[in-house]
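Any read-out appearing in this document is the output of simple, stated calculations on the displayed coordinates, not a laboratory observation. Computed from a prediction, not measured in an experiment: that's the story for all the values here. Using ideal geometry, Cβ is built from the backbone for each residue, glycine included, and neighbour counts are taken over all protein chains shown.
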Amino acid sequence: MSFDPAWEAPKDLLAGRVVVVTGASEGIGRAVARGLAAHGATVVAFARTVARLESLYDEITGAGGPEPVIQAVDLEGLDQNDARTLARALEDAFGRIDGLLHNASQLGPRVPLASYDPAAWKRVMQVNLDAGFLLTQAFLPLLEAGTDPLVLFTSSGVGRAPRAYWGAYAVSKAATEALVTIFADELENVSPVRFASLNPGGTRTAMRAAAYPGEDPRTLPAPEDLVPLYLWLFGASRDAAIDGARIDARAWLGIGG
Ligand code: NAP
């Protein structure tokens with residue numbers, strides 16, 4: 001069973017749920033954070049840029065959504081202690097979380113591996129892959145106490161079919177797919193937590209513009225176009241067999257291109 005593009009999220013779909021979104025300050029993460037809150041979720045928003053997190057807070061509360069938690073986090077420096085500290089703060093505030101969206105990513109250099117800067121390699125792998133592993137590991141007990149808990153990792157077309165000049169970004173996304181498979185396999189039957197990866201497909205954001213500077217952004221779906229699928233995944237996918245799934249957002253949403 002998969003998503004029906006005609007599905008419409010009930011206004012109170014996520015009432016009482018707590019969902020953590022990394023990279024919530026702009027692009028897809030921001031649109032999803034707003035969408036989750038508009039359907040009743042308390043969003044815990046992570047990113048580096050405090051001013052953008054504050055404007056997200058204002059947008060959510062201004063629209064009458066539950067008060068979000070905004071937290072400045074630089075995933076580049078995140079270690080196991082930091083992840084555990086964040087988990088303790090969420091434990092104190094909520095006692096559980098119901099969803100975790102790993103959305104933050106760095107594109108990194110678009111150059112051949114032969115000349116790829118090792119420092120940039122480490123940075124991209126840390127933000128795109130290691131931080132997701134560390135946060136998931138630290139948040140697992142909180143997720144196990146949640147309702148229909150889902151950990152959704154964000155992949156990419158080049159994570160599923162790597163190609164030249166995508167460097168650490170593609171490697172980090174391919175490894176993310178492996179991480180999802182292993183988490184889902186290890187915890188199937190012993191934990192209520194489900195794991196999936198989602199490839200948004202080309203979407204009108206700053207990252208896409210950096211990767212494809214010659215492209216007309218008006219030819220691309222907006223981040224808001226993807227939101228119904230995220231709502232369904234976090235709020236209505238309990239009976240769908242999505243554990244371990246590799247979701248292609250465009251195909252599931254019926255968006256061409
Ligand atoms: P984006 O517009 O560049 O936004 C990236 C987000 O990640 C921002 O909120 C940014 O916030 C945050 N971030 C970056 N580095 C961070 C760090 N070190 N610590 C914490 N937060 C950090 O990207 P997007 O296009 O929305 O992409 C969202 C996800 O979709 C990514 O995983 C991307 O790989 C994937 N994706 C996108 C497309 C596309 O066409 N857009 C296609 C395939 C996959 P701050 O700068 O405030 O920290």
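The table below lists the values:
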{"item": "Helix runs (DSSP H) in the chain reaching 24 Å along axis by Cα, Kyte-Doolittle at least -0.5", "result": "167-187"}
{"item": "Highest to lowest packing among 150-163, 206-219, scored as the average C-beta count within 10 Å", "result": "150-163, 206-219"}
{"item": "Residues Lys122, Lys11, Lys173, sorted so that the one with the fewest Cβ neighbours within 10 Å comes first", "result": "Lys11, Lys122, Lys173"}
{"item": "Share of pairwise Cα separations in the chain, more than 24 Å, in percent", "result": "43 percent"}
